[in-house]
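Participant: Mind having a look at this structure? Questions to follow.
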Protein chains: 4
Amino acid sequence: MIQRRDFLAIGVAALLPQIKIQAQQAPQTLIDDLVAGNHILAGEMVLDGYGHISVRHPGNRNRFLLSRSLAPESVTGADIMEHDLDGNPVDPKGRSPYKERFIHSEIYRARSDVNAVVHCHTPSLIPFGVTKVPLRPMYHQSAFLAAGVPVFEIRESAGMTNMLIETQPLGVALAKKLADKPAMLMRGHGAVIVADTIPNVVGRSIYLDLNARIQLQALQLVESAKGSITPLTPEEAQKYAASDNYARAWELWKKKAR
Amino acid sequence: MIQRRDFLAIGVAALLPQIKIQAQQAPQTLIDDLVAGNHILAGEMVLDGYGHISVRHPGNRNRFLLSRSLAPESVTGADIMEHDLDGNPVDPKGRSPYKERFIHSEIYRARSDVNAVVHCHTPSLIPFGVTKVPLRPMYHQSAFLAAGVPVFEIRESAGMTNMLIETQPLGVALAKKLADKPAMLMRGHGAVIVADTIPNVVGRSIYLDLNARIQLQALQLVESAKGSITPLTPEEAQKYAASDNYARAWELWKKKAR
Amino acid sequence: MIQRRDFLAIGVAALLPQIKIQAQQAPQTLIDDLVAGNHILAGEMVLDGYGHISVRHPGNRNRFLLSRSLAPESVTGADIMEHDLDGNPVDPKGRSPYKERFIHSEIYRARSDVNAVVHCHTPSLIPFGVTKVPLRPMYHQSAFLAAGVPVFEIRESAGMTNMLIETQPLGVALAKKLADKPAMLMRGHGAVIVADTIPNVVGRSIYLDLNARIQLQALQLVESAKGSITPLTPEEAQKYAASDNYARAWELWKKKAR
Amino acid sequence: MIQRRDFLAIGVAALLPQIKIQAQQAPQTLIDDLVAGNHILAGEMVLDGYGHISVRHPGNRNRFLLSRSLAPESVTGADIMEHDLDGNPVDPKGRSPYKERFIHSEIYRARSDVNAVVHCHTPSLIPFGVTKVPLRPMYHQSAFLAAGVPVFEIRESAGMTNMLIETQPLGVALAKKLADKPAMLMRGHGAVIVADTIPNVVGRSIYLDLNARIQLQALQLVESAKGSITPLTPEEAQKYAASDNYARAWELWKKKAR
């Protein structure tokens, strides 16, 4: 796992005069973590065939690592390309970059505290972008939401568009709206999540999704709480509980867990 | 697959004087189908560690086949036991029957048109049992619901109980409430589904579950339809649609489908 | 992947005098894509044991390719049959066609821009067919919905039916209601989706399903937004966030993603 | 499976003068069950990378067994550590305990009837913790909820915290609020579930989750029941039902169940 101290070291390096370099080999463990981040977010259904995750280059704060244009589940180490803060792949070798790479480049430029960025279209998040209901932290796992979750309305920056962040100016507008927050929704599109490390941006992405699902259910619960339903009476419950309830299921559960 | 004609043949056999017999070997294909029915309903999450499926014996209309007390996912041919219409296993060989076998025995006694029975606790069905909202057929696949879906309230038959159909009189009351319908809910418990063949009772069980989930969503949709949300404008949509949208996902989808 | 240029080439071929031909071998890559489309839509749960996907024959615009009557997940190349625009299989070799093939034949006849058709019963779509709530594009992935999604009411064409499009006149009525749109719901039944290529009709089908689920949630969110819930306070959130939150989960996520 | 009689035997042993002992080997079958409990609750998504399950030591009622700090899905027998009722690992051998082990230690101290404890953050439970809607037993499987499900509000004990039970006094407050109940929610955090055996605490955890999902749906159903939807008419249903409906799906279902 990439540690915070790796980025503290970078902090010092960043004070040295920048030497114009071509792609500088990133640590293999960091590339492995970035590939893992792609696969994890696909496996947890935060990403589907689209969306991406990047990490700032530990050897050069003006560079970041991001896959070529590819479904996250299929990304391997050979697909990871170094990009500069204008969103240009440094050594593409014929590989096509993501159209929306400016989401990453402009956030890295604006946010010195950020070392990892996710852009996603997670279905649970879209409803909070197309309504005026703010995301709030429902439990400790999503405590980072207490900072507030802004919603980026692309119409305010560019009127009617194809919704995508395909230019540097749109990336600038996006990063400005994000300001110092850990996460932001994009109306009719998706979200961006940022953190100091890959594990933290992955974790925030997963719990942002869970929080959205939980918050919708909590609101629905309050709204519908006056409904009249028929629960078991204490007497029915006691009579049922008198038997040994889970023995049959326990054998099945053990079998399935093996 | 067991065919309707097999049961027509039984109809004739039933006119002959009944000879007192011990367990009579059922066709292996029928046992295979009953085992498959157990596994299918577990795989489709209509059943979990509990619930059961039975079939009337094609060689003796006063007998039916049902697993010993076991989680459906674990049932094999060796677990299938012949039962008589009083719910007694004919040749248990030390195997324990389900406590709620009287659901099956009394339905077979009351319903000459029924050759297969499912009892389940499918989560989507419980809400319709504990409220006064009737299940209605949302689409062709669940057309059989148009006959109406009664709700069995065990309190009407036996006051405060442990909710289970563990006696013959409770089985009689249950079958009476079912009357000539293909499916019935049980308040605070689950449901029974009946049909003429194993494939049909399995199919009805699966689409009963789907219909419940669809109907809840349809009702919620109407209830919340006045809400103000922000869809894409036609202009935004047109601009987005100008690009070739699914190429990247198509490669992933093909890979996952292999 | 079948390309748009393949169909441009067809456009020219269509100007030549039509020679009466029997089944003409379609490119193997197209058959592979049609089989993949069947498996993908089953895997994404857009289709279950029912529903179908077809493609126009690139060598003859008056023919289309569609599986014999079979669950989509089980379709192989050997099951693909050529049909004419009256819905007749050209060379069935004893294989049974889908009863509802007229959905496909009449859409191909009416819509020269369409080269691929899906018919499905996706559960998320049924609620929008049995209510008056119109589907709207919630995000860029479903931008094609901005054209509007009509609802086909079979009662208007044929009164009380078995809900299925089993005749040519019903296919004609369906295609007329679809008009120039990319997708249409069928009340109490399902939907049809059309596009210029297999990947695009598959992609539209998948995101039509997602959009329906997202729109229902967005409407519910607005409806229930006034509910009073207790989020974490900023102070609670800050105290929790002080610890390194995702280290334990990160190891698990990596393990699961391998 | 650990039996109730094992704990009755312990009851007698507890009357003997306690000899100061180091870790005493627990029966391997009990450790196997504890490992299985970890894996089952992860597989059923009651736990994710966090949460834990413990069991009282059958040879010493003042000790309990709990994994070192690890995602439940990854726990093996070598990770199980004996803890005393102050929450100290008896023989840690360099292994780190869970921060929230005081949930377990103080419940075992306060509840002589409890031999197994689960702490979880199951998403379905959070809404009932952040609203005032009480959990009620929707069906027989969750009959144990009839005893009532209190909600622990950590602010009442300790004001603004990081939400976690990381100290002995917080564990005492938690156990006091739990009182004699089988389950309790924790506002903005999760839940605790207790029982006399591992199978029973696992079963209660699984059905607590299911009950929460069912109860939310039941309340939504009542709330939205006045909505106007269009079901199939009896005539449409009858016409559809005239065909043999499930033959095609049956072959698929059998194939998938193999």
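Participant: Just to verify a result, which residue in segment A:112-123, among those that are of a type outside the set (S, T, N, Q) and more than 10 Å from every other protein chain (Cβ to nearest Cβ), is most open to solvent (accessible area, probe 1.4 Å)? Give the derivation first.
Facilitator: First, the residues of segment A:112-123 that are of a type outside the set (S, T, N, Q): A:113-114, A:116-121, A:123.
So of that shortlist, the ones also more than 10 Å from every other protein chain (Cβ to nearest Cβ) come out as A:113-114, A:116-120.
Details: A:ASP113: 86, A:VAL114: 1, A:ALA116: 0, A:VAL117: 0, A:VAL118: 0, A:HIS119: 0, A:CYS120: 1 Å².
The selected residue is A:ASP113.
Participant: Identify the residue in segment C:175-205 that is open to solvent by 10 Å² or more (accessible area, probe 1.4 Å) and closer than 25 Å to A:THR122 by Cα and, among all such residues, is nearest to the other protein chains (Cβ to nearest Cβ).
Facilitator: Only one residue fits best here, namely C:ASN200.
Participant: Where residues in segment A:240-255 are out of contact with any Pro (no Cβ under 6 Å at 6 or more places or on another chain) and under 18 Å from D:THR122 (Cβ atoms), which of them is surrounded by the most Cβ atoms within 10 Å (Cβ to Cβ)?
Facilitator: Kept after step one, since they are out of contact with any Pro (no Cβ under 6 Å at 6 or more places or on another chain), are these residues of segment A:240-255: A:240-245, A:247-249, A:251-255.
When the remaining residues are screened for being under 18 Å from D:THR122 (Cβ atoms), the result is A:249, A:253.
Details: A:ALA249: 20, A:TRP253: 25.
Among residues in segment A:240-255 that are out of contact with any Pro (no Cβ under 6 Å at 6 or more places or on another chain) and under 18 Å from D:THR122 (Cβ atoms), the one surrounded by the most Cβ atoms within 10 Å (Cβ to Cβ) is A:TRP253.
Participant: Filter segment B:206-230 for residues that are buried (at least 22 other Cβ atoms within 10 Å of the Cβ) and among the small types (Gly, Ala, Ser); which is farthest from the other protein chains (Cβ to nearest Cβ)?
Facilitator: B:ALA212
Participant: Let me ask something else about it. All but one of (1) touching an Asp or Glu at 6+ places or on another chain (Cβ under 8 Å); (2) part of a loop (DSSP other than H, G, I, E, B); (3) of a type outside the set (A, V, I, L, M, F, W, C); (4) facing another protein chain (nearest Cβ under 9 Å) hold for A:ARG95; which doesn't?
Facilitator: (4)
Participant: Let me ask something else. Could you list, in sequence order, the residues of segment C:153-174 that are outside any loop (DSSP other than H, G, I, E, B) and open to solvent by 10 Å² or more (accessible area, probe 1.4 Å)? Steps first, answer last, please.
Facilitator: First pass over segment C:153-174, keeping only residues outside any loop (DSSP other than H, G, I, E, B): C:154-158, C:168-174.
Once the filter is applied, which keeps residues that are outside any loop (DSSP other than H, G, I, E, B) and open to solvent by 10 Å² or more (accessible area, probe 1.4 Å), segment C:153-174 yields C:ARG155, C:GLU156, C:SER157, C:ALA158, C:GLN168, C:PRO169, C:LEU170, C:VAL172, C:ALA173.
Participant: Something else about it: Within segment B:33-51, track down each residue that is more than 21 Å from D:GLU251 (Cα to Cα) and under 10 Å from the mean Cα position of the chain (by Cα).
Facilitator: Going through segment B:33-51, the residues more than 21 Å from D:GLU251 (Cα to Cα) turn out to be B:48-51.
Residue satisfying the conditions is B:GLY51 alone.
Participant: Looking only at residues in segment D:21-65 that are polar (S, T, N, Q) and in contact with a Lys or Arg (Cβ under 9 Å, 6 or more places away or on another chain), which one is modelled with the lowest pLDDT? Give the steps one after another, and end with the answer.
Facilitator: So in segment D:21-65, the residues polar (S, T, N, Q) come out as D:22, D:24-25, D:28-29, D:38, D:54, D:60, D:62.
The next check asks that each one be in contact with a Lys or Arg (Cβ under 9 Å, 6 or more places away or on another chain); those that pass are D:24, D:54, D:62.
Details: D:GLN24: 76, D:SER54: 98, D:ASN62: 97.
Going through the qualifying residues, I end up with D:GLN24.
Participant: Go through segment B:29-41 and count every residue that is open to solvent by 10 Å² or more (accessible area, probe 1.4 Å), more than 8 Å from every other protein chain (Cβ to nearest Cβ) and within 20 Å of B:SER69 (Cβ to Cβ).
Facilitator: 2
Participant: Same structure, new question: For C:LEU178, state whether it is at pLDDT 95 or above and within 22 Å of B:PRO231 (Cα to Cα). Break it down into steps so the answer makes sense when it comes.
Facilitator: Details: at pLDDT 95 or above: yes; within 22 Å of B:PRO231 (Cα to Cα): yes.
Spelling it out, C:LEU178 is indeed at pLDDT 95 or above and within 22 Å of B:PRO231 (Cα to Cα).
Participant: Here's a follow-up. With respect to the numbered conditions (1) within 14 Å of chain C (Cβ to nearest Cβ); (2) open to solvent by 20 Å² or more (accessible area, probe 1.4 Å), which one is the sole condition not fulfilled by D:ALA237?
Facilitator: Answer for D:ALA237: the failing condition is (2).
Participant: If C:THR76 satisfies all but one of (1) in contact (Cβ under 8 Å) with a residue 12 or more places away in the chain; (2) among the polar types (S, T, N, Q); (3) closer than 24 Å to C:MET45 by Cβ; (4) crowded, with 22+ Cβ neighbours inside 10 Å, what's the number of the condition it fails?
Facilitator: All conditions pass for C:THR76, except number (4).
Participant: Any idea how many residues of segment D:212-258 are hydrophobic (A, V, I, L, M, F, W, C) and more than 28 Å from C:GLU156 (Cα to Cα)?
Facilitator: First pass over segment D:212-258, keeping only residues hydrophobic (A, V, I, L, M, F, W, C): D:212, D:214, D:216, D:218-219, D:221-222, D:225, D:229, D:232, D:237, D:241-242, D:247, D:249-250, D:252-253, D:257.
From the residues that got through so far, the ones that are more than 28 Å from C:GLU156 (Cα to Cα) too are D:212, D:214, D:216, D:218-219, D:221-222, D:247, D:249-250, D:252-253, D:257.
Final tally of qualifying residues: 13.
Participant: Let me ask something additional. For segment B:129-143, check the following and say yes or no: at least one residue is aromatic (Phe, Trp, Tyr) and open to solvent by 10 Å² or more (accessible area, probe 1.4 Å). First the steps, then the outcome.
Facilitator: Step one: filter segment B:129-143 for residues aromatic (Phe, Trp, Tyr), giving B:139.
This time we only want the ones that are open to solvent by 10 Å² or more (accessible area, probe 1.4 Å), so: none.
The answer is no, given that none of the residues of segment B:129-143 is aromatic (Phe, Trp, Tyr) and open to solvent by 10 Å² or more (accessible area, probe 1.4 Å).
Results for (1) assigned to a strand (DSSP E or B); (2) within 13 Å of the chain's Cα centre (by Cα); (3) over 30 Å from B:TYR240 (Cα atoms); (4) not aliphatic (A, V, I, L, M), shown as yes or no for each residue.
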{"position": "A:MET184", "(1), (2), (3), (4)": "yes, yes, no, no"}
{"position": "A:ALA191", "(1), (2), (3), (4)": "yes, yes, no, no"}
{"position": "A:VAL202", "(1), (2), (3), (4)": "no, yes, no, no"}
{"position": "A:ALA218", "(1), (2), (3), (4)": "no, no, yes, no"}
{"position": "A:ALA225", "(1), (2), (3), (4)": "no, no, yes, no"}
{"position": "A:GLU235", "(1), (2), (3), (4)": "no, no, yes, yes"}
{"position": "A:TYR240", "(1), (2), (3), (4)": "no, no, yes, yes"}
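Participant: Right, here's the next one. Can you pull out every residue in segment D:90-102 that is hydroxyl-bearing (Ser, Thr, Tyr) and open to solvent by 40 Å² or more (accessible area, probe 1.4 Å)?
Facilitator: D:SER96
Participant: Please verify whether D:HIS83 is assigned to a strand (DSSP E or B), within 13 Å of chain A (Cβ to nearest Cβ) and under 28 Å from C:LYS239 (Cβ atoms), treating the condition exactly as stated. Break it down into steps so the answer makes sense when it comes.
Facilitator: On the way: assigned to a strand (DSSP E or B): yes; within 13 Å of chain A (Cβ to nearest Cβ): no; under 28 Å from C:LYS239 (Cβ atoms): yes.
No, not satisfied.
Participant: Continuing with the same structure: So, in segment D:54-64, how many residues would count as being in contact with an Asp or Glu (Cβ under 8 Å, 6 or more places away or on another chain), open to solvent by 10 Å² or more (accessible area, probe 1.4 Å) and within 20 Å of D:ASN200 (Cα to Cα)?
Facilitator: Within segment D:54-64, the subset in contact with an Asp or Glu (Cβ under 8 Å, 6 or more places away or on another chain) is D:55, D:57-58, D:62-64.
Applying the additional criterion that residues be open to solvent by 10 Å² or more (accessible area, probe 1.4 Å) yields D:58, D:62-63.
Keeping just the survivors that are within 20 Å of D:ASN200 (Cα to Cα) gives D:58, D:63.
Counting residues in segment D:54-64 that are in contact with an Asp or Glu (Cβ under 8 Å, 6 or more places away or on another chain), open to solvent by 10 Å² or more (accessible area, probe 1.4 Å) and within 20 Å of D:ASN200 (Cα to Cα) gives 2.
Participant: Let me ask another. Which of (1) within 14 Å of chain C (Cβ to nearest Cβ); (2) over 25 Å from C:GLY129 (Cβ atoms); (3) under 25 Å from the mean Cα position of the chain (by Cα) is the odd one out, the single condition D:MET160 does not satisfy?
Facilitator: Just one mismatch for D:MET160, condition (3).
Participant: Given (1) in a helix (DSSP H, G or I); (2) at pLDDT 95 or above, identify the lone condition not met by B:ASP113.
Facilitator: Only one criterion is unmet by B:ASP113, namely (1).
Participant: Considering only segment D:124-147, state which residues are within 7 Å of another protein chain (Cβ to nearest Cβ), assigned to a helix (DSSP H, G or I) and farther than 24 Å from B:GLY190 by Cα.
Facilitator: Result: D:ILE126, D:PRO127.
Participant: Here's something else I'd like to know. For C:SER105, are the conditions met, namely being of a type in the set (S, T, N, Q), outside any loop (DSSP other than H, G, I, E, B) and surrounded by fewer than 22 Cβ atoms within 10 Å (Cβ to Cβ)?
Facilitator: Working: of a type in the set (S, T, N, Q): yes; outside any loop (DSSP other than H, G, I, E, B): yes; surrounded by fewer than 22 Cβ atoms within 10 Å (Cβ to Cβ): no.
No; evaluated as a whole, the condition is false for this residue.
Participant: Further question: Would you mind stating whether D:SER54 is among the polar types (S, T, N, Q), over 14 Å from A:LYS254 (Cα atoms) and within 14 Å of chain C (Cβ to nearest Cβ)?
Facilitator: Values: among the polar types (S, T, N, Q): yes; over 14 Å from A:LYS254 (Cα atoms): yes; within 14 Å of chain C (Cβ to nearest Cβ): no.
Spelling it out, it is not the case that D:SER54 is among the polar types (S, T, N, Q), over 14 Å from A:LYS254 (Cα atoms) and within 14 Å of chain C (Cβ to nearest Cβ).
The values are calculated or read from the model by the stated rules, or taken from the named source; none is laboratory data. Just so it is clear, the structure is predicted and the values come from calculations on it, not from any experiment. Neighbour counts are summed over all protein chains in view; Cβ atoms, including those assigned to glycine, are modelled from backbone coordinates with ideal geometry. Accessible surface areas use protein heavy atoms only, side chains included; no ligands, DNA or RNA. Shrake-Rupley method; radii C 1.70, N 1.55, O 1.52, S 1.80 Å.
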